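The values are calculated or read from the model by the stated rules, or taken from the named source; none is laboratory data. These numbers were taken from a predicted model, which means no experiment stands behind them. Ideal geometry is used to build each Cβ from the backbone, glycine not excepted, and the neighbour counts take in all protein chains shown.
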């Protein structure tokens, strides 16, 4: 057949019709495949979103529980301090802790209750270098309970005597706080700024020991 005699118009029409038919078959297939892929991606993203939502919800719940426990610990600590404060008619009851926990280098007042009109120490006694208070720390570490019925007893202790006067103390008692392994984790300090009750008696020791043990059981690390 001579190409010159070929009905090109008709041929083009046939080719166009075939192309239309082919496109009519392929395009829906492609669209269907694309739709399935889109749905699959949508399902994956939806699952990922749900997983993220679940994880965020779990993290929020964990933080809420942590905050709840932390707040309860603080509440209990202050409850014990106030109870001891009232039971032994103290002027000031403080907790002094070494920090940081993994390598203690400083001591600071972490918790405190005071009588109205008595100067608090929680702001002024912070980040004291342990190397400058070795005599005091030795007393705290080596004695479960130590009392000074008259600060004049401290006159030979170069740092304790002026510190007691700075705090306005006439008498003071120390109780050692230890963890379950027996390690020193802090000291309960009871101050009297006027004529003190007999802090050397068994009643005072029993009260301070009772609340000291309760405090030691829940005392958190001090992280100023």
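Using the structure shown, decide if residue 46 is assigned to a helix (DSSP H, G or I), at pLDDT 85 or above and out of contact with any helix residue (DSSP H, G or I) (no Cβ under 7 Å at 6 or more places or on another chain). Against the criterion (assigned to a helix (DSSP H, G or I), at pLDDT 85 or above and out of contact with any helix residue (DSSP H, G or I) (no Cβ under 7 Å at 6 or more places or on another chain)), residue 46 does not qualify.
Which of the residues spanning region 178-224 are assigned to a helix (DSSP H, G or I) and under 19 Å from residue 101 (Cα atoms)? Within region 178-224, 215, 216, 217, 218 qualify. Going by the structure shown, is residue 71 surrounded by fewer than 16 Cβ atoms within 10 Å (Cβ to Cβ), more than 14 Å from residue 222 (Cα to Cα) and in contact with a helix residue (DSSP H, G or I) (Cβ under 6 Å, 6 or more places away or on another chain)? Considered against the rule, which asks whether it is surrounded by fewer than 16 Cβ atoms within 10 Å (Cβ to Cβ), more than 14 Å from residue 222 (Cα to Cα) and in contact with a helix residue (DSSP H, G or I) (Cβ under 6 Å, 6 or more places away or on another chain), residue 71 comes out as no. Restricting attention to region 202-218, report how many residues are in contact with a helix residue (DSSP H, G or I) (Cβ under 7 Å, 6 or more places away or on another chain), surrounded by 14 or more Cβ atoms within 10 Å (Cβ to Cβ) and over 19 Å from residue 114 (Cβ atoms). Final tally of qualifying residues: 1. Return yes when residue 177 is in contact with a helix residue (DSSP H, G or I) (Cβ under 6 Å, 6 or more places away or on another chain), at pLDDT 90 or above and surrounded by 13 or more Cβ atoms within 10 Å (Cβ to Cβ) and no when it is not. The answer is yes for residue 177.
In the set 182, 186, which member is closer than 20 Å to residue 218 by Cβ, under 33 Å from the mean Cα position of the chain (by Cα) and either modelled with pLDDT under 85 or surrounded by 15 or more Cβ atoms within 10 Å (Cβ to Cβ) (or both)? Don't jump to the end; show me each part of the working.
Details: 182 fails: either modelled with pLDDT under 85 or surrounded by 15 or more Cβ atoms within 10 Å (Cβ to Cβ) (or both).
The match here is 186.
Among the residues making up region 90-108, those that are more than 16 Å from residue 159 (Cβ to Cβ), in contact with a strand residue (DSSP E or B) (Cβ under 9 Å, 6 or more places away or on another chain) and free of Cβ contacts under 8 Å to residues at least 60 places away in the same chain are 104, 105.
Only one of the numbered conditions (1) more than 32 Å from the chain's Cα centre (by Cα); (2) surrounded by fewer than 19 Cβ atoms within 10 Å (Cβ to Cβ); (3) modelled with pLDDT under 90 is violated by residue 199, and that is (2). The set of residues in region 106-153 being in a strand (DSSP E or B), within 28 Å of the chain's Cα centre (by Cα) and surrounded by 12 or more Cβ atoms within 10 Å (Cβ to Cβ) consists of 106, 107, 108, 109, 110, 111, 112, 113, 114, 128. When region 160-169 is filtered for residues that are part of a loop (DSSP other than H, G, I, E, B) and either touching a residue at least 60 places away in the same chain (Cβ under 8 Å) or in contact with a helix residue (DSSP H, G or I) (Cβ under 6 Å, 6 or more places away or on another chain) (or both), the ones remaining, listed by number, are 167, 169. In the set 128, 121, only one residue is touching a strand residue (DSSP E or B) at 6+ places or on another chain (Cβ under 8 Å) and more than 19 Å from residue 81 (Cα to Cα); that residue is 128.
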